[in-house]
Structure formats: C-alpha cells, structure tokens
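In what follows, a structure is listed as structure tokens, so that the remarks can point back to it.
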Amino acid sequence: MALTTRPSAASRAVPLALALVGLVLLVIGILYLTIPASSLPSVLPHRPSDQPSVKRGSVAVVVAVLCFLGAWLVARRAGRSGGR
C-alpha cells in the first residue's frame, strides 16, 4: 500500500499568508489608483491632492502580484516535495 504524504500546516501557512498580504496590497493599490488623495482614508499615508496617487498605487499592485507569484511558487514546491 502506498503512503500518501500531505503538506504540513507550516507549508500551507506560507502561501496562505503571502496570498492574504497580496490581496490586502491589491485592495490598497486599487484605492490609491482610483480615489483622489484628499479623499483617502486617514490610515493610508498621502499628500493632500485632487489626483490619485499613481506611484503608490502602482507599487502596491506590483508588490501584490509578486506576493501572489511567491505564494504560487511556494505552494508548488511544497506540493512537489510532499510537505518536507
């Protein structure tokens, strides 16, 4: 009978954490890109302006994509090695 190996909790936690951080950054990036800086929530750093913060929004979206890519790569590697 063949033994099946399941990924450990730790190997599942890293991709999940990266995906969660990526999702939060994606939402923040969309907020920065679509809402004028003067209307952003006070928890997000910004300069008073009537235009969206394109640089901050773009950086947040790029880092979110990198987090999603990292989550995919870590999950793929954990799946191949059987959680070891």
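Say whether the condition of being at pLDDT below 90, on the phi < 0 side of the Ramachandran plot and out of contact with any strand residue (DSSP E or B) (no Cβ under 6 Å at 6 or more places or on another chain) is met by at least one residue in segment 54-72. Checked against the condition, which is being at pLDDT below 90, on the phi < 0 side of the Ramachandran plot and out of contact with any strand residue (DSSP E or B) (no Cβ under 6 Å at 6 or more places or on another chain), segment 54-72 yields no hits at all. Selection of segment 35-53 for residues being surrounded by 11 or more Cβ atoms within 10 Å (Cβ to Cβ) and among the hydrophobic types (A, V, I, L, M, F, W, C) yields ILE35, ALA37, LEU40, LEU44. The single condition among (1) of a type in the set (Gly, Ala, Ser); (2) modelled with pLDDT of 85 or more; (3) touching a helix residue (DSSP H, G or I) at 6+ places or on another chain (Cβ under 9 Å) that SER11 does not meet is (2).
The values are calculated or read from the model by the stated rules, or taken from the named source; none is laboratory data. Treat the numbers as computed from the prediction; the structure is a model and nothing was measured. All Cβ positions, glycine included, derive from the backbone under ideal geometry; neighbour counts span all protein chains shown.
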